[in-house]
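Notes follow the structure.
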């Protein structure tokens, strides 16, 4: 099953519209429609957002045939498609890196909140 077809089926099972998904991803509804019709591909940074919105693992989005990944290259104004070979080991590594990034993001947020609370406490004590 192609990536776009998997995305469409997952979106429909969640009861989400193409417009809602386009909004979540920060792309036009036209581009989102092209994505589901396998006419375009997402940039790397949008793949985790898509997986989260559809409540899927990143690896669930890719074909099971172990043939190719397709990546849109946003640095090229006209855009093009690049293919690379992959196997399950690479997919697992990508998923592990994604999970690590999520954990680091959460830790960073907690640190920011802790620092904010410290500043608030300091300012409150200084005021009194």
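Set the Förster distance to 35 Å, then compute FRET efficiency between residue 46 and residue 127 from the Cβ-Cβ distance, nearest 0.05. Write down the numbers at each step before the final one.
Values: r = 44 Å, r/R0 = 1.27.
For R0 = 35 Å, the calculated efficiency reads 0.20.
In this simple spin-label approximation, residue 119 and residue 28 carry label points 7 Å from Cα along the Cα→Cβ vector, and these lie 3.9 nm apart. At full extension, residue 12 and residue 59 could sit 15.0 nm farther apart than now, given 0.36 nm per residue minus the alpha carbon distance.
Taking label points 7 Å from Cα along the Cα-to-Cβ direction, residue 111 and residue 89 give a separation of 3.3 nm.
Quick one: grab the alpha carbon gyration tensor of region 88-128, order the square roots of its eigenvalues as a ≥ b ≥ c, and give me rounded if a/c is under 1.5, else prolate or oblate depending on whether a/b is larger than b/c.
Numbers: a/c = 11.03, a/b = 10.70, b/c = 1.03.
Prolate, since a/c reaches 1.5 and a/b exceeds b/c.
Of 110, 54, 16, 35, how do they rank once you tally other Cβ atoms within 10 Å and put the fewest first? Can you show the working numbers first?
Details: 110 10, 54 20, 16 15, 35 24.
So the residues, fewest neighbours to most, are 110, 16, 54, 35.
No value in this document is a laboratory result; all are computed from the given coordinates. Just so you know, these numbers come straight off a predicted model, no measurement behind them. Positions of Cβ are generated from backbone atoms using ideal geometry, with glycine treated the same way; all protein chains shown enter the neighbour counts.
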